[in-house]
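For reference, the structure is listed below as structure tokens.
The values are calculated or read from the model by the stated rules, or taken from the named source; none is laboratory data. A quick note: this is a predicted structure, and the numbers were derived from the prediction, not measured. Every residue, glycine as well, gets a Cβ built from its backbone with ideal geometry; the counts of neighbours run over all protein chains shown.
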Amino acid sequence: MELNSPFLQRRPRRNRASESIRQLVRETNLEPGHLVLPLFLIEGNAIHHQIPSLPVAARMSLDNILRTIESAIGLGVNSFMIFPAVPEKNKDKIATYSYAEDNFYLEASRKIKEQFPESCLISDVAMDPYSSDGHDGYVENGKIINDITLPILAKMSVAQAQAGFDIVGPSDMMDGRVGIIREALDKAGYYNTGIMSYTAKYASAFYGPFRDALDSAPKSGDKKTYQMDPANSREALIEAELDTQEGADFLMVKPALHYLDIIKNLSANFDTPIAAYHVSGECAMLLAACQNGWLDYEKAMPETLTSIRRAGASVIISYLALDFARWVKR
Ligand code: PBG
């Protein structure tokens, strides 16, 4: 028998009484079309090297990347962020290989767009995959030199646009890069190529599995002179202001889960769509707990991604994109 307490005027539980009602009042919807799947590309054929610290991801050659993209599109995930694992012999101080004619990354983009013209391909613009120093910018006497890096990033971006990337993704955190990239793209006629700027990218401990995948950890020092201090929130507004002025089409917050407050803050203050990068270490934590049987993946995975969307992200970049899309289908 239900006790009746007439003094309770408001009963929020009424709107939770059945799944039908819960659907009516659900505030956040996450669909596979909101997700971007990151992919690690390596030169060669028939390669599929699972990343031990990130078991949902693999270093793949183009043939396997094409197969993955085909099945992703079948599940409603149409956007992809491609990262290259560049052989050490192709690295130098000025990242020459990043815009070389025979670059396998640019070649792959052409092939992917040829086969899947409706897909959205997002690039990575930064020196670190191609740099013998392993830093996102040009290194001189142990310092990262901002203004020498900018024209290199601009050249890289134009080469990527030319290779078919729909959106370039500057992830380097140099000052002024969005403006110089926008100008270079426009000058070269790529005024329809978008820029997803890594606006608030933090010097985070959660990039470990990604650096394992690409072997891209800095050879010396850390990234604290260009990536943001995890203790800072207001500084993200300065970065967002500048990126907006310089012409960014998306503002990214990275990592996502540990920076939900930043996502919320940017989405409240800017009308440019917010992208959130659910990074390798954040995925790895969840996977490890689930593999141990400590968390239920089928429940924790969608809850995790929904929390990022609820905070204000339009776009979520996650290694779990395919698992989420499969879960939606079931
Ligand atoms: C580097 C880059 C990094 C990631 C994306 N681009 C790592 C870094 O800054 O060292 C990390 C992504 C992830 O951890 O999933 N330009």
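Is at least one residue of the stretch 222-241 at pLDDT 95 or above, in contact with a Leu (Cβ under 8 Å, 6 or more places away or on another chain), more than 24 Å from I180 (Cβ to Cβ) and not in a helix (DSSP H, G or I)?
For the stretch 222-241, residues at pLDDT 95 or above, in contact with a Leu (Cβ under 8 Å, 6 or more places away or on another chain), more than 24 Å from I180 (Cβ to Cβ) and not in a helix (DSSP H, G or I): absent.
For the stretch 195-206, does any single residue satisfy the condition of being within 25 Å of I180 (Cβ to Cβ), within 13 Å of the ligand (Cβ to nearest atom) and surrounded by fewer than 17 Cβ atoms within 10 Å (Cβ to Cβ)?
There is at least one residue in the stretch 195-206 that is within 25 Å of I180 (Cβ to Cβ), within 13 Å of the ligand (Cβ to nearest atom) and surrounded by fewer than 17 Cβ atoms within 10 Å (Cβ to Cβ).
Being among the polar types (S, T, N, Q) and either more than 18 Å from S267 (Cβ to Cβ) or more than 20 Å from the chain's Cα centre (by Cα) (or both) is the filter here; which residues of the stretch 228-242 pass it?
Passing the criteria: only N232.
Which of the numbered conditions does T225 fail, given that it passes all the others? Conditions: (1) within 16 Å of the ligand (Cβ to nearest atom); (2) within 23 Å of V36 (Cα to Cα); (3) more than 14 Å from the chain's Cα centre (by Cα).
Checking T225 against (1) within 16 Å of the ligand (Cβ to nearest atom); (2) within 23 Å of V36 (Cα to Cα); (3) more than 14 Å from the chain's Cα centre (by Cα), the one that fails is (2).
Return the residues of the stretch 57-81 that are in contact (Cβ under 8 Å) with a residue 24 or more places away in the chain, farther than 19 Å from N103 by Cα and either more than 16 Å from the ligand (Cβ to nearest atom) or surrounded by fewer than 18 Cβ atoms within 10 Å (Cβ to Cβ) (or both); say none if nothing qualifies.
Answer for the stretch 57-81, where residues must be in contact (Cβ under 8 Å) with a residue 24 or more places away in the chain, farther than 19 Å from N103 by Cα and either more than 16 Å from the ligand (Cβ to nearest atom) or surrounded by fewer than 18 Cβ atoms within 10 Å (Cβ to Cβ) (or both): T68, I69, E70, S71, A72, I73, L75, G76, V77, N78.
Residue under question is D261, and the condition is that it be at pLDDT 95 or above and touching a helix residue (DSSP H, G or I) at 6+ places or on another chain (Cβ under 7 Å); does it hold?
In short, no.
Residue check, F116 against (1) under 18 Å from the mean Cα position of the chain (by Cα); (2) closer than 19 Å to I65 by Cβ, all met but one. Which one?
(1)
Enumerate the strands (runs of 3 or more DSSP E) found wholly within the stretch 92-183, keeping only those where 2 or more residues are surrounded by 17 or more Cβ atoms within 10 Å (Cβ to Cβ) and in contact (Cβ under 8 Å) with a residue 24 or more places away in the chain.
It comes to 120-122, 138-140.
Can you find a residue in the stretch 61-83 that is part of a strand (DSSP E or B) and among the acidic types (D, E)?
No: zero hits.
Which of the residues that make up the stretch 252-303 are surrounded by fewer than 24 Cβ atoms within 10 Å (Cβ to Cβ) and β-branched (V, I, T)?
Selection gives T272 alone.
When the stretch 129-168 is examined, which residues are found to be within 14 Å of the ligand (Cβ to nearest atom) and aliphatic (A, V, I, L, M)?
I144, I152, L153, M156, V168
Checking the structure you have, find out if any residue of the stretch 270-286 is more than 16 Å from the ligand (Cβ to nearest atom), at pLDDT 95 or above and of a type in the set (G, A, S).
No, there is no match, as no residue in the stretch 270-286 is more than 16 Å from the ligand (Cβ to nearest atom), at pLDDT 95 or above and of a type in the set (G, A, S).
I'd like the residue in the stretch 106-128 that is within 16 Å of the ligand (Cβ to nearest atom) and among the acidic types (D, E) and, out of all such residues, is modelled with the highest pLDDT.
D124
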